[in-house]
1. For segment 185-329, what is the relative contact order in percent, using Cα pairs closer than 8 Å and at least 6 residues apart in sequence?
2. Counting other C-beta atoms within 10 Å, which of 161, 291, 242 has the fewest, and how do the rest follow?
3. Can you give the calculated 222 nm mean residue ellipticity of the chain, where each DSSP H run of n ≥ 4 adds -39,500 (n - 2.57) and the sum is split over every residue, rounded to the nearest 500 deg cm²/dmol?
4. Please give the residues of segment 75-105, grouped as numeric ranges, whose backbone N is less than 12 Å from a label point set 7 Å along the Cα-to-Cβ vector of residue 156.
5. Over all distinct Cα pairs, what is the inverse of the mean 1/r for segment 28-182, reported as the Kirkwood hydrodynamic radius in Å?
6. With all distinct Cα pairs included, what does the Kirkwood hydrodynamic radius of segment 73-115 come out to in Å, to one decimal, could you say?
7. Please order 73, 252 by the number of other Cβ within 10 Å, starting at the fewest.
8. I need to check one value: relative contact order of segment 333-464, counting alpha carbon pairs closer than 8 Å and at least 6 residues apart, in percent.
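We did not get these values from a lab; they are worked out from the coordinates using the rules stated. Predicted model, so just to flag it, every value in this text is computed and none were measured. No Cβ is skipped: glycine too gets one built from the backbone with ideal geometry, and neighbour counts run over all protein chains shown.
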């Protein structure tokens, strides 16, 4: 009887042990995280790719299991940025992430819009208030643009599942990243001067033309095009716009593809400058930019940006490079007098009484790109007289201005007597346009004039108003 009681007590103690130490473990909290690439394994692998491959996306499935009944969040950050053993590094702007909307059921994906992956903490997902288990898909994109050095790139991303307002421990998962960047094909565009800007100057003959050199390296294996886009119409610091027709461009030197071979003006629309061979073979050529007629363009330094794009390789059109375009239209403000008399003398030689009227014509041309009003004046130093001191009577020596498709205002449309001193001959239009006109000096010889050589000195001046 005692032996049976002892066995019963031992059974009770055993059951108590199971209840106290085994049963509670059956109710332990679950708070777990798994991050699985779509291709499987524990690594995010991009394989071999080149500059012309375009963007490569890799999907990652996130599974979160939780029964702690507390809200939680998932954050990530780069433990090690994508870099090679030699120190080359892929910038944050070339490695991005976004979450696919609708792949989650309960919480909020905080990266519904694409953002760079950085060393800083970044919240990817926040659960609902109840902390319900959930799953969703992230997309990590790698953009191997021109300028990134070739090599084997490795990095690591840390994912941390964090409880909110709970003593539950966080869960950390590490994902390795691998990418092999090859220089299988690329397009390089550089100015012929080696600078970042294409510079054209109207006042220097050797700088009225400049250009870029295009070097296509490797074979793309398919046909592609190179496009040119002007970011905006060239504009000066004063706000003046340069006409599109002021600059022409043409290609030279291509052997395999089709290159623009007739001069064309710049345009606000994208322009095809090169179409490769069907196989996208290697090629080198140049694009020359030349100033056209700037006589109607205002003086100033005009600037814009030239963008070059690669089309037909990869899913999207890719930016090759951006170069500055600078055009300096130097100040022009000049009066041209024809026929030009170096001594500035109006001369009537061997004058005799009662001769028919004599004329002396002078052509005036104003070259200006200042965009400001101006005037042309004359200064007569003396009356028309001979070496002996004889003077032509007032009213016998007259001046008349005549239009040559003149835009401005002529002050002497009818003949008037020439007077000593300063006189305004012409005033430009409001725009200060370049202009030209004719001056006609006429001498009527009265009977009382003594024979001889008669002359006077006249100077002409051009001035802003």
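1. Details: 372 pairs, mean separation 48.4, N = 145.
Result for segment 185-329 is 33 percent.
2. Numbers: 161 25, 291 19, 242 22.
Ordered by Cβ neighbours within 10 Å, fewest first: 291, 242, 161.
3. Values: 1 runs with 16 residues, N = 465.
One gets -1000 deg cm²/dmol as the mean residue ellipticity at 222 nm.
4. 78-81
5. Details: mean 1/r = 0.0621 Å⁻¹.
After inverting the mean inverse Cα-Cα distance, the result is 16.1 Å.
6. Details: mean 1/r = 0.0792 Å⁻¹.
Kirkwood hydrodynamic radius for segment 73-115: 12.6 Å.
7. Numbers: 73 18, 252 12.
Exposure proxy ranking, most exposed first: 252, 73.
8. Working: 325 pairs, mean separation 57.0, N = 132.
With pairs under 8 Å counted, the relative contact order is 43 percent.
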